[in-house]
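Chemist: Got a structure for you, questions after.
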Amino acid sequence: MSTEQGSGTSQPAGTQAVGVVGLAVMGENLALNIAEKGFSIAVYNRSTDKVDSFLARAKGELGAGSGSVFGAHSPEAFVQSLERPRRIIMMVKAGAPVDDTIAKLRPLLSPGDLLVDGGNEHFTVTERRAAAIEGAGLHYLGMGVSGGEDGARNGPSLMPGGPRTAYERLEPVVKKIAAQVDGPGVRDPGPCVTYIGPGGAGHYVKMVHNGIEYGDMQLIAEAYDLLRSIGGLSNDELAEVFTRWNEGELQSFLIEISARIFRTRDPEDASGLGFLVDKVLDASGMKGTGKWTVQDAIELSVPVPTIASSVDARVISSDKKGRVRNSQILKGPAPHPMAAAAKQHLIDDVRQALYCAKACSYAQGMQLLLVASRTRGWNLPLGEIATIWRGGCIIRAQFLGRIKAAFDRDASLPNLLLDPGFVEELGVRNAAWRRIVALGASAGVPLLATAGALSYYDMIRSERLPANLIQSQRDLFGAHTYERTDKPGAFHSEWAK
């Protein structure tokens, strides 16, 4: 492996297989991943000091068998260093920075060159950009990249969308750098990447992935709150519980890292006894993908209440000052720990409730993908999507194998919860789920997503809902009409005064 640096029209000319623009955390780690898999790469960043620091890291980190690395100090040197037709992956912040990057590169590119946006961009923006540059003979892919810093470096889950021919040019690279799911007993082994579909399908699937992630994280947080506030579990006990859960049906990246979080001591606590999680401000941030998921679900009339509740929960949590004020005014029960003898029963009930609510979050996300696919003509491979989420990404979990099997049995399954396997699993856990929601309500522990998931489950299984009253109200105040149960047609009535 060799590293070089150049500016202006410096060589090497046309020798590097892949280009990466943007050397923030994700871009830097993805570039190292590409080089480590044997591909020669060129890198460029607007701040050239990042190029230099990347070259130093590459020299110290990459070993024999890695591809050569060229660090460019100008867009011209970067583009000229790439073999044609060029393959360029942009790892820059979504929005205007991507447009600025395209504006700098476009005059330097040739017909047949490929631009790939690896950021978290809205799928409609991806489609706008693709239409704008494809007229010039260039190709464009929107590729979701999941897994954070570690995934980018060691194997992410990748969701590329756009023209299939463009994907095929990138396929030899992404199949090597993606997370690999294999080993004894693994069904459907292989890289965590597949062609998602045309247009903005890749970024759309990444958006929904993040929406499911929002739901999953909120549900885990609510489980933690119950175990801590009512069960009285210490951080050491929580770490043990989550470790056990990660060895069973709840095995997942998010459960695994939660156990690690509960074990982490506060480095600023002189006593060495305090835990870092207890010093973290209880105000969640977000970057928008969860909100986008909910917005498009509304546009397509797909219910995603567990995901929507998780977005609402982050918004509520962010108003720390308001919550402190409200806590002195609004009345309700104060959570208090239960008897130690009941602790294990609570832990088991919370585990079962978490599994059920988690299934609802995934079911809502997959239903949204199904409807979006049909509406936009994407023909999304839902089973393959579940497969590529099994490794590398944030929502990777044993659970996804069940989802893959469900869509293998019925590719047009209208709702994941209708799969016979999930019907049985949620059926046997129903009582525990309901006990937990009732317990949270009686003790004043908010379960916005867990309780909402249960109501979603009950609504979709209800033969009759009270919407007849809503339709009656709409007809009375706005003459919106209604349908009858005993004959077809639209009706309007003069309601009793």
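Chemist: Return one number: the angle in degrees, 0 to 90 and rounded to the nearest 10, between the long axis of the Cα atoms of helix 25-36 and the longest principal axis of the Cα atoms of the chain.
Modeler: The angle comes out at about 60 degrees.
Chemist: Rounded to the nearest percent, how much of the accessible area of the range 1-150 (1.4 Å probe, protein heavy atoms only) is carbon and sulfur?
Modeler: Here it works out to 50 percent.
Chemist: Using a probe radius of 1.4 Å on heavy atoms only, what accessible surface per residue do you get for the range 42-93? Whole Å² is fine.
Modeler: Result: 42 Å² per residue.
Chemist: Which angle from 0 to 90°, rounded to the nearest 10, does the C-alpha axis of helix 343-376 make with the longest principal axis of the chain?
Modeler: 60 degrees
Chemist: For Asp266, list long-range residues whose amide hydrogen, built 1.01 Å from N in the peptide plane, is under 5 Å from its own amide hydrogen.
Modeler: Excluding prolines and chain starts, which carry no amide H, the hits are Gly274, Phe275, Leu276.
Chemist: I would also like to ask the following. Can you tell me which lysines have their Cα less than 18 Å from the Cα of Lys404? Leave out same-chain residues fewer than eight positions away.
Modeler: Lys206, Lys358
Chemist: Reachable aspartates and glutamates from Lys287, Cα under 18 Å, same-chain residues fewer than 8 places away excluded?
Modeler: Answer for Lys287, where 18 Å is the Cα cut-off: Asp117, Glu121, Glu149, Glu213, Asp216, Asp296, Asp312, Asp319, listed by chain and number.
Chemist: Under 8 Å for C-alpha pairs, at least 6 residues apart: give me the relative contact order for the range 33-128, rounded to a whole percent.
Modeler: For the range 33-128, the relative contact order is 26 percent.
Chemist: Find the accessible area per residue for the range 379-497; the probe is 1.4 Å, ligands and nucleic acids are left out, and the unit is Å².
Modeler: 56 Å²
Chemist: At 1.4 Å probe radius, can you tell me the per residue accessible area of the range 217-322 in Å²?
Modeler: On a per-residue basis, the range 217-322 sits at 51 Å².
Chemist: Scan the chain and report its longest stretch carrying no GluC sites (Glu not before Pro) that are both in a DSSP loop and have at most 14 other Cβ atoms within 10 Å.
Modeler: In short, 1-246.
Chemist: Would you work out what percent of the accessible area of the range 287-347, with all protein chains in place, is carbon or sulfur (probe 1.4 Å)?
Modeler: With neighbouring chains kept in place, the figure for the range 287-347 is 60 percent.
Chemist: Another question about this same structure. What trypsin sites (Lys or Arg not before Pro) in the range 286-344 are in a loop by DSSP, with at most 16 other Cβ atoms within 10 Å of the Cβ?
Modeler: Lys287, Lys331
Chemist: Using the Cα gyration tensor of the range 109-192, with a ≥ b ≥ c the square roots of its eigenvalues, what is the shape: rounded (a/c below 1.5), prolate (a/b larger than b/c) or oblate (neither)?
Modeler: The shape class here is prolate.
Chemist: Note the angle between two axes, namely the Cα long axis of helix 467-478 and the longest principal axis of the Cα atoms of the chain, as a number of degrees from 0 to 90, rounded to the nearest 10.
Modeler: 90 degrees
The values are calculated or read from the model by the stated rules, or taken from the named source; none is laboratory data. What you are looking at is a predicted structure, and each value in this text was computed from that prediction instead of being measured. Don't worry about glycine lacking a Cβ; one is built from the backbone with ideal geometry, like all the others, and counts go over all protein chains shown. Quick note on the areas: whole protein, heavy atoms, side chains included, nothing else; ligands and nucleic acids left out. Shrake-Rupley method; radii C 1.70, N 1.55, O 1.52, S 1.80 Å.
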